[in-house]
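Notes follow the structure.
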Amino acid sequence: MPNLIEELQAKQPRALARAISLAENDPIGSAELFSQLHPLQKSFKIGFTGPPGSGKSTLIRDLLVRACRQNLRVGVIAVDPSSPFSGGALLGDRLRMNLAGFDPEQVFIRSLSARGHLGGLSPGTILSLHLLEYYGFDWILLETVGVGQAEVDIMYLADLVSVI
Ligand SMILES: Nc1nc2c(ncn2[C@@H]2O[C@H](COP(=O)(O)OP(=O)(O)O)[C@@H](O)[C@H]2O)c(=O)[nH]1
Ligand SMILES: [Mg+2]
């Protein structure tokens, strides 16, 4: 995977998307690979948690609009409950946010599956946050469905937690 690391170092958005897929599909195998990437700066990480339908994605979209006006670069990870049919993430959040037409150079949005880790954040999600920080976003926004342990995990990872 030396190419992937080089492309990440060159800040190619497609490499970031591929790296997150790898982190999600093989968190144990990719943890060592990605541990060689050391973020040069700290991103301001905000966690959004609360029950489904409480308005987390809507608030995140409004924050994205404000961040873009201030020329901030923002990475978003939305952890959706696993679909009982495909095991993948539900598309709703990403679609709703993408429809707002953000500049892909400035805003990166990714839905991840909870993969049965409803009791907290999955290793793939934690690795993905590390990748976004390495990539150099000013803000990282993380949306999770509030189910107890996820709020506890998010408190350790985020600089600010918003319960909606
Ligand atoms: N009236 C009202 N509706 C809202 C507000 N925020 C979100 N909604 C609506 O509530 C629904 C669920 O919002 P969403 O952001 O998808 O919730 P999430 O599941 O927590 O991400 C959507 O139909 C939104 O349009 C709000 O502040 N006021
Ligand atoms: Mg949502």
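Test P27 against the stated conditions and say whether it is in contact (Cβ under 8 Å) with a residue 24 or more places away in the chain and under 19 Å from Q106 (Cβ atoms). Don't jump to the end; show me each part of the working.
Numbers: in contact (Cβ under 8 Å) with a residue 24 or more places away in the chain: yes; under 19 Å from Q106 (Cβ atoms): no.
So P27 fails the test.
Tell me, please, whether a residue that is part of a helix (DSSP H, G or I), among the acidic types (D, E) and farther than 19 Å from L121 by Cβ can be found in region 57-67.
Yes; the residues of region 57-67 include at least one that is part of a helix (DSSP H, G or I), among the acidic types (D, E) and farther than 19 Å from L121 by Cβ.
Of these, S57, S43, which one is within 12 Å of ligand 1 (Cβ to nearest atom), touching a residue at least 24 places away in the same chain (Cβ under 8 Å) and within 15 Å of the chain's Cα centre (by Cα)? Lay out the reasoning, then the answer.
Details: S43 fails: within 12 Å of ligand 1 (Cβ to nearest atom).
Among S57, S43, only S57 is within 12 Å of ligand 1 (Cβ to nearest atom), touching a residue at least 24 places away in the same chain (Cβ under 8 Å) and within 15 Å of the chain's Cα centre (by Cα).
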Quiz item: How many of the residues making up region 1-24 are under 18 Å from the mean Cα position of the chain (by Cα), more than 20 Å from T125 (Cβ to Cβ) and without any contact (Cβ under 8 Å) to a residue 40 or more places away in the chain?
Solution: 2
Exercise. Any chance you could count how many residues in region 68-98 are modelled with pLDDT of 55 or more, in a strand (DSSP E or B) and within 14 Å of ligand 1 (Cβ to nearest atom)?
Key: 5
Quiz item: Of all residues in region 48-79 being surrounded by 18 or more Cβ atoms within 10 Å (Cβ to Cβ) and within 9 Å of ligand 2 (Cβ to nearest atom), which is nearest to L112 (Cα to Cα)?
Solution: A78
Exercise. Scan region 133-151 for residues that are modelled with pLDDT of 70 or more and outside any helix (DSSP H, G or I) and jot them down.
Key: G136, F137, D138, W139, I140, L141, L142, E143, T144, V145
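The values are calculated or read from the model by the stated rules, or taken from the named source; none is laboratory data. All values reported here derive from a predicted model rather than from experimental measurement. Here the Cβ is made from the backbone with ideal geometry for all residues, glycine too, and neighbour counts use every protein chain on show.
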